[in-house]
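Inspection log for the structure reproduced underneath, given as structure tokens.
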Amino acid sequence: MTISDGTIAPRNWKSVFRHDVPASLVVFLVAVPLSLGIAVASGAPVAAGLVAAVVGGVVGGALGGSVVQVSGPAAGLSLVVAELVHTYGWRATCAITVMAGLLQLALGGLKVARAALGVSPAVVHGMLAGVGVVIALSQLHIVLGGSPQRSALENVLELPAQILDNHTHAVMIGVLTIGVLLVWGRIPRLRAVPAPLAALMVAALTTAVSGWDLTKVDLKGGFSSVQGPLMPQGDWHAIAGAVLLVALLAGVESLLTCVASNRLHDGPRADLDRELTAQGMANMVSGALGGLPVAGVVVRTTTNARAGARSRWSTVLHGVWVLLFTAVFAWMIALIPLEALAALLLFIGVQMVNLAHVRNLRNHREMPVYFVTLAGVVLIGLAEGVAIGLGLAALLALRRLAWVSVDVRQAGERRWRVVVTGSLTFLGVPRLTEALRGIPAGAAVELDLHLDFMDNAAFEALHTWRLEHERTGGVIDVDEPHAEWYSAAINGVRLFPSRVPPRHDRWWLPWAYRRHSRSAEASGVDAGSYAVIGADGTRHDDISVLCEPQGMPDLLEGTREFQRRTAPMVRPVLHRMARKQSPSHLFITCADSRIVPNIITASGPGDLFTLRNIGNLVPRADAVPADDSVAATIEYAVKVLDVRMITVCGHSGCGAMSALLGEVPDLPALRNWLRHGRQSLARFVAAEPCDDDAGPLDRLCRTNVIQQLDNLRSHPFVDTLVRTGKLELTGLYFDIGAARVHVLEQERFTPVPELRTG
């Protein structure tokens, strides 16, 4: 079995031979042609690409943080390497690779790998697309039989003349290579051989058979032809910048590939710090042996995972196969025409412009960053293009973080509503003041602040306007549904954006809590504890003893809050059902003020046809005295509204059940009504003693629910529908103190299981 870090236990060598060895052969067949092509595109010795493939497989694979990631020469680094080779020479470039590896090793030791994930994907994809365009334009000239120019723009300008020149054999071998790459994967029987390898084999065979005089890959001496590093000469600032650029680009590409590799397999998750350290070691070894810089590569990693690799042995073995192949069959590589390699690189370059990434970025409004980075890499240079892309991404992120929406509309005669949403900073002050300027003096204003941050400049602008508007006779009602930045600033309370939790939606809270929640929060009381501050400054945890009922003012304030907050959201729904209701349930529950059916069932308008009375009682059909009000509700729900379920919901601490157990209050109407609960009391008395922790009152409350379901069956039309399966009866019990709903199952109530997420 594979152990936690992806290495192999001795008893599991069978898995290596069954899964990892075949996968390593597939990756090896893909890696050889790609390594050759990237070496050519980088202006490095061809053998340098194979050295990097061997080191990336053996060193990077053995030490890396992912069990399936494959490292080696990367096309994304080819432009940097080509520029370094042109500026400092190949051996100095190897020394820069060693120093870049040392820097990666240090960064991995400092455990900063996850910081690379903070780089905008739009910049990374734009960089890779730009590199792909540059590679494609340069290699297109080789495919046409010519030589690439120094820049992408020059390659574009020289392209017409290159096309007009007659390079018949070069063009034919290039077109043949691209044709094989396009059609090879579409033929199921040929998919066992990777398309890049097949394309180069077909090109080499065609060249040998036809006798065409084309430039071949120069691999004389194999690995022995590779030269070691030599310290670069020149401006050390520029050299240090080159080391930093290679280290960061190779590191970011490796880490992003490492993260992506987690989605390709079910084995151990990747360790990013370990991966960065491994990349540093691989680059030090590769540079010391005269190889290209090493990075994690998406194509080879994806190939490895899809080929069935189970451990890092696949990556290591692919490097071993590259080493053996080069040592034994180097003469075969020398048969490959450079034009075929150029065609392969042209094909890879075009594929680096990934349209799937473009679509994803468009959905997140990051297309400007992508295209600016791409254009910068193509027209200016890799480092410059990436820097421009990072700068634009930072500016757009700052703009989004500081985004604010100010909506001003007239809500009635001399009444206005202003809704401010987002982060209100000094950047949004001009928009805010311009919008507020249109409100006439003396008007009543409802100011809703849906803010996640407010700085001092924004507060000063808003508060100054408020004072001036109120001075002219206007009335402003400020409401902050989320964090109270404005109220805190007025009271001198210091808030921190990262520590301010969003306020609870208040529609479900009692009037008493809402009436005093602001004073509680201003005094530093945790709103989540539902404690409030009384007029004398005393903290009260039980809001029921805090406030005297205010009657109509509370009711009107509640309806006003509904009109302001909830009505705009539910109006479209209510408009559609304005002429007809189609509830699915008849919900019979107690008139107790603590029971709110829509809250405990998370239902909305039109879901429940509700009947509430003292004790959630259902008089039997033969009850004396008769009660037509409940029967009428049941008849209407079943015969007119065609409900499919009737639910009886009791609750803990029911006052009606308490009256049945004790002395019924001297209230004639209530005494007559509670006669319908005598069957519940008799059933409770006849029941066997229960071992649960509930007291007699709560046991009677539960028994009462069961009895009311039986009472429902006493109505013939209900019983008939239940027997035919057209109507279902169910019981619920709500434990008020625990805020927990229980469902009736075979004469017993069991808690409704909570929804688990994640």
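The values are calculated or read from the model by the stated rules, or taken from the named source; none is laboratory data. Given the structure is predicted, the values throughout are model-derived calculations rather than measurements. In this analysis, Cβ positions are derived from the backbone assuming ideal geometry, glycine residues included, and neighbour counts consider all displayed protein chains. Please note that ligands, DNA and RNA were not included when accessible areas were found on the heavy atoms of the full protein model with its side chains. Shrake-Rupley method; radii C 1.70, N 1.55, O 1.52, S 1.80 Å.
Annotations for the structure displayed:
- Antiparallel DSSP beta bridges within the stretch 628-756, percent to nearest 5: 55 percent
- For the stretch 72-182, the fraction of 1.4 Å probe accessible surface lying on carbon and sulfur atoms is 68 percent.
- Labels on offer are (i) 0.99; (ii) 0.95; (iii) 1.15, and the one holding Rg/Rh (Cα atoms, Kirkwood Rh) computed from this structure is (iii).
- All lysines inside 29 Å of Lys639 as judged from Cα atoms, apart from same-chain residues fewer than 8 positions distant: Lys580, Lys726
- Relative to the longest principal axis of the Cα atoms of the chain, helix 121-143 runs at roughly 30 degrees.
- Ordering 572-581, 721-730 by mean Cβ neighbour count within 10 Å, with the highest value first, yields 721-730, 572-581.
- For q = 0.10, 0.20, 0.21 Å⁻¹, Debye-computed log10 I/I(0) when each Cα of the stretch 121-273 counts as one equal scatterer: -0.63, -1.26, -1.26
- Inter-part distance, the stretch 622-686 to the stretch 231-277, computed on C-alpha centroids, equals 73 Å.
- Over the stretch 602-758, relative contact order from alpha-carbon pairs under 8 Å, at least 6 apart, %: 27 percent
- Charge dipole of the chain about the Cα centre (unit charges at C-beta), most positive-ward option of Ala578, Val285, Val752: Val285
- Around the Cα centre of the stretch 649-716, unit charges on the Cβ atoms of Lys, Arg, Asp and Glu (plus for the first two, minus for the last two) sum to a dipole of about 400 debye.
- If you take the Cα centroid of the stretch 80-107 and the Cα centroid of the stretch 427-491, the two points sit 57 Å apart.
- Peptide packing: for 268-277, 305-314, the average count of neighbouring Cβ atoms within 10 Å per residue gives the ranking 305-314, 268-277, highest mean first.
- Accessible surface, the chain, averaged per residue in Å² (probe 1.4 Å): 50 Å²
- Inter-centroid distance (Cα atoms) of the stretch 409-424 relative to the stretch 110-125, Å: 41 Å
- Solution diffusion estimate, µm²/s, Stokes-Einstein, the stretch 81-197, Kirkwood Rh from C-alpha pairs, 10 °C, viscosity 1.306 mPa s: 88 µm²/s
- Of all DSSP beta bridges in the chain, antiparallel share, percent nearest 5: 40 percent
- For the stretch 146-279, the relative contact order works out to 14 percent when only alpha carbon pairs closer than 8 Å and six or more residues apart are counted.
- All-pairs Cα distance distribution in the stretch 105-169, expressed in whole percent, bin size 10 Å: 19, 30, 20, 17, 11, 3
- Extreme residue, positive dipole direction of the chain, given options Leu727, Gly37, Val123 (C-beta unit charges): Gly37
- Over 20 Å [Cα-Cα, the stretch 660-730], rounded percent: 45 percent
- Computed magnitude of the charge dipole of the chain (debye, nearest 20; Cβ of K, R +1, Cβ of D, E -1): 1620 debye
- Tilt relative to the chain, helix 78-88 - C-alpha long axis, 0 to 90 degrees, to 10: 40 degrees
- The overall shape of the stretch 307-365 is oblate: from the C-alpha gyration tensor, with semi-axes ordered a ≥ b ≥ c, the ratio a/c is 1.5 or greater and a/b is no larger than b/c.
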